[in-house]
Amino acid sequence: MSSPKKRKRRFFIADEGSIKSGQVTDVYFPRALEVIVREKADANVTAEVRAASLPDGYPWAILAGVEELAFLFQGCPVAVDCLQEGTVFYSEEPVAVFRGKYSQFGHLETALLGLLCQAGGIATKAARCKKAADDRVVMNFGARRMHPALAPMIDRCAYLGGCDSVAVVESARMLDLVPSGTIPHSLVLLMGDTVKAATAFHQVMPEGVPRIILIDTFADEKFETLRVAEALGEKLAAVRLDTPSSRRGDMLKMLQEVRWELDIRGFDHVKLLVSGGLDEPEIHRLNPFADGYGVGTAISNAPVINFSLDIVEIGGQPLAKKGKRSGGKRMLRCQKCGNREVTPRNTGITKCLCGGSRVDLLEPLSSSGKIVRHLPNLQEIREFVLRQLDGLELDAGTRTEEIPG
Ligand SMILES: [Zn+2]
């Protein structure tokens, strides 16, 4: 055994090479492959990704991680079809399909599911928070709850799911966004006073940085807000209330009071941002007086989508384990009424009962190791998600809404 002293100091993260080459795999895949090769049991298979159910009773979810999936399969001689990134999907619907020799991609199952399960979970939670906020601003503040190596992935999924901004500098750099944030408690503590901190921040920061001041560090939220508003005047964009739960009381009443006191003094341009342990129910409750939210753990630690990858055809013949429907499938959506149906692939694209024409949402992503689809940029994906959210509810029972393509 090597002594702990000799162990290399490092972050325990896998690099791109080991992920793409299938080293990040459960050991039973390479072991199975050894047997398959020796027994000459390798075959052309069709395997599909779908979720038998969605977390927390969600009626719908958002597919994310497609760009990383495309990267994973770049150079892998397998045909991959999948939904567009950002597409709303439901339980039991196939979201991605792989066709090729099992030996070419079986070892990638762990990685491909990991990419899609976590990304979809975060994007879906972000979409739900944005929906709950009813057009108010939602900022992802959740990077600090997760391994920093994942921050750009988490921020990407949060943003495409509907968050208005990301806070982490490296995420913003990688995603071509401008990072946004407020000020930390540490600044107020070090300056010794909220107004001193606000004034210094205002003097030091360039014009383009919004003056959003944290007002819950030392004293009462109402009086601190008014002091900051008097000091910065029209330059004050917003105040942030991050009051600890032990001191919070009724946040809605606090917001209402702060709003009243600002308005009565002509500071109606000052927005109210809330952060600290927020999730959908609290967002709903605070909407009457909050203008925006910083959401942390609820988004970055969102429940994952429990996708599975299942073989549904071997050598062109339908075959699946019990509990799963065999055969290649289409994921059809009516362009007229929005109705959705999973149909056998070999029946072609039939018309909807309403007479409308249908499209197969499972479109080619990669073929013979080459990406064959235009991968939309982050803004395009986010706008696509927001358009779909318009026709959806947070609770079950809205499956056949018109969903703009
Ligand atoms: Zn229809």
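The table below gives the values:
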{"quantity": "Of Lys253, Lys322, Lys125, the one that fluctuates the most in a GNM where the chain has Cα springs shorter than 10 Å", "calculated": "Lys322"}
{"quantity": "Cβ charges +1 (Lys, Arg) and -1 (Asp, Glu), total dipole of the stretch 181-295, debye", "calculated": "160"}
{"quantity": "Stretch in the chain that is longest and holds no GluC sites (Glu not before Pro) that DSSP places in a loop and that have at most 14 other beta carbons within 10 Å", "calculated": "208-392"}
{"quantity": "Dipole magnitude (debye, nearest 20) for the chain, charges at Cβ of Lys, Arg, Asp, Glu", "calculated": "1500"}
{"quantity": "Distant-in-sequence amide H partners of Lys329 (H built 1.01 Å from N, under 5 Å)", "calculated": "Arg345"}
{"quantity": "Chain lengthening between Arg31 and Ala14 when straightened (0.36 nm per residue, less Cα-Cα)", "calculated": "4.1 nm"}
{"quantity": "Degrees, to the nearest 10: 151-161 long Cα axis against longest axis of the chain", "calculated": "90"}
{"quantity": "Selected from Leu361, Leu187, Leu116 as most flexible by GNM, with the chain as the system and alpha-carbon contacts under 10 Å", "calculated": "Leu187"}
{"quantity": "Residue order, fewest to most surrounding Cβ atoms within 10 angstrom, among Lys196, Lys5", "calculated": "Lys5, Lys196"}
{"quantity": "Packing-based exposure ordering (other Cβ within 10 Å, fewest first) of Val88, Val342", "calculated": "Val342, Val88"}
{"quantity": "Rounded to whole Hz, the Karplus (6.51, -1.76, 1.60) HN-Hα couplings of the stretch 70-87, x for glycine and proline", "calculated": "4, 5, 4, 8, 5, x, 9, x, 9, 8, 10, 10, 7, 5, 5, 4, x, 6"}
{"quantity": "Loop sites in the stretch 325-377: trypsin sites (Lys or Arg not before Pro), DSSP, at most 14 other Cβ within 10 Å", "calculated": "Lys336, Lys351"}
{"quantity": "In Hz, Karplus ³J(HN,Hα) per residue of the stretch 183-200 (6.51, -1.76, 1.60; θ = phi - 60°; x = Gly, Pro)", "calculated": "9, x, 4, 4, 5, 5, 5, 5, 7, x, 6, 5, 5, 4, 5, 4, 5, 5"}
{"quantity": "Estimated 222 nm signal from helices in the chain, with DSSP H stretches of n ≥ 4 weighted -39500 (n - 2.57), rounded to 500", "calculated": "-10000 deg cm²/dmol"}
{"quantity": "Placed amide H near Gly369: partners under 5 Å, 5+ positions off or other chain", "calculated": "Gly75, Cys76, Val78"}
{"quantity": "Exposure proxy ranking, count of Cβ atoms within 10 Å, fewest first, for Phe141, Phe89", "calculated": "Phe89, Phe141"}
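Bear in mind that the values in this text are calculations on the coordinates, not laboratory data. Predicted model only: the values in this text are computed from it and were never measured. Reconstructed Cβ throughout: ideal geometry from the backbone, glycine too, with neighbour counts over all protein chains shown.
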